[in-house]
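Derivation of every value follows stated rules applied to the coordinates shown; laboratory data play no part. Just so you know, these numbers come straight off a predicted model, no measurement behind them. Using ideal geometry, Cβ is built from the backbone for each residue, glycine included, and neighbour counts are taken over all protein chains shown.
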Amino acid sequence: MAWRGRCGHAGLVVSVFLLLQQTAGTAASGCGRQYLGGNSGNLSSPNHPDLYPSNVDCTWTITVDIDKRVVLTFDSFDVEYHEHCNYDYVVLEGKDGDGGITENSDGDASGTYPGVAVWKRTDDGGRICGTKPDNFTVTRNYTSQNNVMAVIFRSDEWVSNTGFYATYVAVDKDPPTCSANEKVCDDLLGCVAFAKICDGADDCQDKSDEQHCACAQIPNELSMCKGVLDYAAMAYPNLYGHKNETELLMSPLLVRLRDLHATADRCHDDVFAFACSLMAPKCAETKIKPPCRIWCPDIRASCQNVNLNGQNLTDLVPDICATLPFSEDCFINRAKAVTSQQGSVGQDSVSDCGGVLRETAATFQSPNFGRGNYDNNRDCVWSIRVPTNLVPVITFHSFNLERGPADGNCPYDYVRIFDGEWPDSKFSSIKFQNGETPERLCGPLTTERVVRPESYIVSVIFSSDGQNGKEGFNASYTTRERGDLTCKRGEELCDDSALCTSLSVFCDGKFDCWDKSDEENCQCNPLQGELEELCGRREDSNFVSFPNVIGHKTATELENSPLYSSLKSLMRSSCHPHIDVFVCEMMSPSCDRSTGTSKAPCRSWCEEIRSACAGEDEWPSDFPSCQVIEGQDVSNCVQGPSARDCYHGKGANFVGTTAVTETGQSCTDWADHKYEVSNFEWANLDNNYCRNPGNVAERPWCYVGNQWEYCRVQPCSGKVCQNRGLPRNVQATPVKNFYWPGDRVTYSCNSSYSLKGPAIITCLDNSTWSSQLPTCVVNEHRQLLEDLFDVYSSEAAPSDLPVDVTAVFSGQVVNIVSLDETGPEIQTEVVIELRWIDKRLSWSPASYGNIEILQVAYERVWAPTVLLQRNADTSFTSWPVVDVTLTSGGEVIWQVQTLVTTTCDLDQYLFPYDSMTCPVCLKTDLTKGEKLSCPMEGNVTAEGNLNCSMSSQTSTGEWSVTVTADSANDTGCLQLVLQRNPTYHMCTTIAPTIILAILMAITFLIPIDKGDRLGYGMGVLLSMVVSLVVITSFLPRSTHIPFVGTFVVVSMSFMAFFMLVTLAILIMSGKEGDLPPWARTIFLRYMAQALLMGDLSKKNTMKVGGSKNVNIVSYENGSFTELWPKDETQESTVEQAKPADADLMAMISGIKNSLDSLNENIKALRQDKEEEEEVGDWVLLSQVLDRLSLIVYLVASIAAVPLSLYLGRP
């Protein structure tokens, strides 16, 4: 035994493992899926009794006779052991992979064989592994439940044992014990009720109950049942166990059934109908439709102890109720007036579950109500039947059923209420709520629930599942008067006067009236007289049934009707090809003699005919609406003649299988679109086929996803334009099999061809085309493009490696859009042109219709990398995309006209005599071998473009512009040199600054003893500051100050300095006493004489008044007067100053006010002071210093000009 996961014995173990691996690799032949049969046999693992291979997957399927089982015995067994058999193992399976294998053992072998991993079968998955010792004494084998056993053996990658050897034998099954109402399944594993054979559900394990299912004609010997059975096909075996017609006809039960038919006094009104349905159960589409379970208990209870001709009726009404279906898919045909032997439903019996309630007021309740919870798996039906003029009103006083998983969903326990006798025909269930099961009521109700049905026959159904029973319900009902009904055209009042029913469903084999009167007195009569001439059909279907859909109860009534002549005229109309057949079906519905049922025209056919013909004069105004056949079963109506590949009218009755739209899309299944399915049940909405539900569209259509499209279906009238095909090289859009009147088709040519003829052709109303098909002729232009770019690559440069391409650069400035001096930057409209040679794009014009020039998209050709230098526009990322021009010689011309914004270089020092340079430059990638050159004289360029020897002149505002072109290596530029015209700024900026500097000198001419001297000086200084601000607003911020700015700053500095000096002089003039002798000598004598003031060292007096007259500068009418003192004898001269401009007036407005005030003060002094005063030394000293300051200011201001030009130049 080899043990997994253990260490030690390294050499021996490794050798054994290598041997095992080598041995395992040689096996596996003959292993896989094998099939064994016979009553006995054997099987073994691969290589047994040697080691089995690794990674094997073997399956042996043993199949014996259907009435036997397989018993498997392992004679030897040695498979690698694991607690859960996860490594190597054997698995036994039954038929279809189920686990129906039983282990039979007569003892427990655990602990009996120490040191041996005894073979075992796990509980999880049934795997078998381990070792069966040679002296194993316990008998153990495995038995299948049916006649198939599969033996599966699997091994993993390593550790192999000797495997197994097994034998099998087939043993007889023990047949089950079935009741008289059941049949043994073919595999002898169970029983199946006769009512469940061929019902569509697998009740036998071998599915033998659903094999060989077919419908058979009811034999003529059962013609006595024709009045109570509304069908003609039955299923075998029937519910008495008759396997075929022979057994049925030889059965004594047939005689008993005839005796029952002949008996007038029966134990139950429905016993004969019920027995007929057992003898000949209904069959539809190969499936049995047995009697309904709710029909059975009342009949059996009434007839189980009744004798007929000395024999008990129990054999005709066997204990079969529990095997019958409780559903709507069954057969029931209650008599109109059922005589109940049970009376009212009891309230005290625990077993009470359903019954018939005939009183005008009564109560009913769920089983066990008031005594505990209702039973599980109960199905009860209460049939409330009151007089036909009344309608019950049901009230649930107490209601508590198992709650569903969600509101509106009651899959467990529930109550349903039907109008009519459930499950008769197609009476609808009352809707209680919204949700998955809106017709079911469940859960607890906190208040009373009132239900108002419409019928005088009401079915109340209670159903419970296998768990969670609750208290149930307690209900009662009263009645109310129905009132009279008025039926619409095409409807008929049922015999009970309780319901209006469409005439289209009379005699259709299904109950539509609650009293079932719509299916009474139905018979097929042959067409006769004029009707036969008008509506003669095939011989086997030349029968009709009345009433017809129009309302005539007999053929005679139809022929005598005033409507008859209009209908005959309508049959001759051309509004629809089948109008005659439709009118016949409306007048004389077809009748099937084998079933006695009639068929009215289908709603879809009616809608199609009506939409096409309702406008005809012969169409009767009171013709029934198509809505009267709303509820008709589409499988039980006359579809009318219809083609599978075309449609009539608007296609409401189209039943073809086309499922492709005009654009070639596949249609979506109608089941995905609930609106159409729920609202147009009559519209033949099968699969994903093209239809016209509602007849609202012009032709059949379908959904593609959630969008609708017309389908590729043409009208049977042929009123379409057919696809005429396409001439060579012609293309059409859209391409369809046919085109509708008004459709337009656009034609074009394949590449290298031009269209000759109309590009758009229309399908006309008369189903012809508006023009002949166009043709395509060779297009030299397209052909040239195809030849040039067939193998051309725009990724490859037009020269050999290394790349060396020189493009000729030229351009022009079309317009200067804007100029920003503070940037400085300029926006210009420029034309840029590059020309280069690409020999791959050359051609011979003679070969292509003398084409010399081509225009192609820029991205189709190789082009150098072109970048804009000094770009100031952040939104500019690339040049506009324009086509390039190709010449036959291989020259490529790229020309673009666009707006660019670039930076400039401004030399502002000599403002306003400054200049600015604004280059617009292009740069290529020199590393890729791309160069630029400027065109020389004689080179071809675009009109107006500059070459290197040319220039152009333009102007913008105060600037004159000179434009030149140049290039060097990888850069090409349009140089814009701008020179400012100084006139404007000289007048508005420079002149006021000079005048202010001159006016500052006047400060020193104002008498020292006048206080307004400082105010005047401050006004001039502030005006100079304003001038500086004005100048700086014109110029960009820079580290270099223009000359005029330097001048203003220096002048302001002088002004500020001399204002301080003036302040000191004023302070000095106010002192009293004499100067020191040395001061008098220096300042009052020598300096005064040098300043042309005379010798002031001698004491002098001066009069303020009569002897001297002081004239002050005044500003009036735009002129200045002198400020120098004069003798009275001297002539007063006034120097007229130049008129001041508006800017100067604004700057000295403050000075004017100071001068006016000074004049007034002086006039007052002249009047008040007449006496002489002696002038002190300090006053004289201040006069000398004042005159000295004036001279120094003038000299410094004049010297500042050349110094600023020399020292301030950057």
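For the ranges 259-272, 1178-1191, what's the packing order if you count other beta-carbon atoms within 10 Å of each residue, average per peptide, and put the highest first? Please report the intermediate quantities before stating the final value.
Working: 259-272: 16.4, 1178-1191: 19.8.
Going by the mean number of other Cβ atoms within 10 Å, highest first, we get 1178-1191, 259-272.
Can you give me the angle between helix 252-262 and the longest principal axis of the chain, using Cα atoms only, in degrees from 0 to 90, rounded to the nearest 10?
80
If you stretched the chain out fully between TYR35 and ILE760, how much longer would it get, using 0.36 nm times the residue separation minus the C-alpha to C-alpha distance?
Working: separation 725, 0.36 × 725 = 261.00 nm, distance 7.09 nm.
Separation in residues times 0.36 nm, less the Cα-Cα distance, equals 253.9 nm.
Given the DSSP H assignment, sum -39500 (n - 2.57) over each helix run of at least 4 residues in the chain and divide by its residue total; what's the result at 222 nm in deg cm²/dmol, nearest 500?
On the way: 18 runs with 225 residues, N = 1210.
It comes out at -6000 deg cm²/dmol, rounded to the nearest 500.
Please pull out the direction-averaged projected area of the chain, using the convex hull of its alpha-carbon atoms, in nm² to one decimal place. Spell out each step's value before the answer.
Details: hull surface 427.9 nm².
The orientation-averaged projected area of the Cα hull of the chain comes to 107.0 nm².
Tell me the angle of helix 10-24 to the major Cα principal axis of the chain, expressed in degrees between 0 and 90 and rounded to the nearest ten.
So the inclination is approximately 70 degrees.
Along its principal axes, what span do the Cα atoms of the range 31-163 show, with the longest given first and each in whole Å?
43, 33, 26
Based on C-alpha coordinates, I'd like the Rg and Dmax of the range 721-778, in Å.
Every Cα atom of the range 721-778 included, Rg and Dmax give 11.1, 36 Å.
May I ask you to derive the FRET efficiency for VAL778 and LEU726 from their Cβ-Cβ distance with R0 = 22 Å, giving the value to the nearest 0.05? All intermediate terms of the calculation are to be shown ahead of the outcome.
Values: r = 17 Å, r/R0 = 0.78.
The computed FRET efficiency comes out at 0.80.
Would you kindly calculate the translational diffusion coefficient of the range 355-481, applying Stokes-Einstein with the Kirkwood radius from alpha carbon pairs, for 20 °C and a viscosity of 1.002 mPa s, and quote it in µm² s⁻¹ without decimals? Intermediate values should be presented prior to the final figure.
Values: Rh = 14.7 Å.
Estimated via Stokes-Einstein, D reaches 146 µm²/s.
How long are the three semi-axes of the equivalent ellipsoid for the range 785-981, computed from the Cα gyration tensor as the root of 5 times each eigenvalue, in whole Å, largest first?
On the way: eigenvalues 252, 54, 42 Å².
Its equivalent ellipsoid spans semi-axes of 36, 16, 15 Å.
Give me the tail of P(r) for the range 747-790 as a percent: Cα-Cα pairs with distance above 16 Å. Please report the intermediate quantities before stating the final value.
On the way: 461 of 946 pairs.
Tail fraction, whole percent: 49.
Eigenvalues of the Cα gyration tensor times 5, then square-rooted: what semi-axes does that give for the range 491-715, in whole angstrom, largest first? Mind dumping the intermediate values first?
Numbers: eigenvalues 203, 83, 46 Å².
Output for the range 491-715: semi-axes of 32, 20, 15 Å.
So if each residue of separation counts as 0.36 nm, and I subtract the Cα-Cα distance between SER875 and MET1093, what length gain in nm does that give? Walk me through the numbers before you get to the answer.
Values: separation 218, 0.36 × 218 = 78.48 nm, distance 7.22 nm.
Difference between extended and current length: 71.3 nm.
May I ask you to list the residues of the range 588-617 whose amide nitrogen lies under 12 Å from a point 7 Å from Cα along the Cα→beta-carbon direction of LEU534?
588-589
How high is the FRET efficiency from THR263 to ARG452, r the C-beta distance, R0 45 Å, rounded to 0.05?
Taking R0 as 45 Å, the efficiency between THR263 and ARG452 is 0.65.
Along Cα→Cβ, 7 Å out, is where each label goes; now give me the distance between the ones at GLU285 and GLU103 in nm to one decimal.
4.7
Just add up the charged neighbours of GLU557: K/R +1, D/E -1, any other residue whose Cβ is under 15 Å from the Cβ of GLU557.
Taking every other residue near GLU557 into account, the sum is -2.
Evaluate E = 1/(1 + (r/R0)^6) for TRP1078 and LEU1005, where r is the Cβ-Cβ distance and R0 equals 25 Å; express this FRET efficiency to the nearest 0.05.
Numbers: r = 29 Å, r/R0 = 1.16.
Calculated transfer efficiency: 0.30.
Within the range 191-258, list the trypsin sites (Lys or Arg not before Pro) lying in a DSSP loop whose Cβ has at most 11 other Cβ atoms in a 10 Å radius.
Working: sites: LYS196, LYS207, LYS226, LYS243, ARG256, ARG258; in loops: LYS207, LYS226, LYS243.
Filter output for the range 191-258: LYS243.
Once both axes come from the Cα atoms, what is the angle between helix 780-789 and the longest principal axis of the chain, in degrees from 0 to 90, rounded to 10?
90
Hey, rough spin-label estimate for ALA942 and GLN627, points 7 angstrom out along Cα→Cβ, what's it come to in nanometres?
Using points 7 Å along Cα→Cβ, the separation is 7.3 nm.
Using mean Cβ contacts within 10 Å as the protection proxy, how do 1016-1027, 722-733, 385-396 order, highest first? Each step should come with its number before you reach the end.
Numbers: 1016-1027: 20.6, 722-733: 13.3, 385-396: 18.2.
Packing proxy ranking, top to bottom: 1016-1027, 385-396, 722-733.
What is the chain's relative contact order, in percent, from Cα pairs under 8 angstrom and six or more apart in sequence?
On the way: 2420 pairs, mean separation 51.8, N = 1210.
Once divided by the residue count of the chain, the mean separation gives 4 percent.
Based solely on C-alpha atoms, express the radius of gyration and the Dmax of the range 172-321 in angstrom.
Rg, Dmax (Cα atoms, Å): 15.5, 52.
Per 0.36 nm of contour for each residue apart, how much would the distance between ASP172 and ALA216 grow if the chain were fully extended, relative to their Cα-Cα spacing? Before the final figure, lay out the partial values.
Details: separation 44, 0.36 × 44 = 15.84 nm, distance 3.48 nm.
Full extension of this stretch gives 12.4 nm more.
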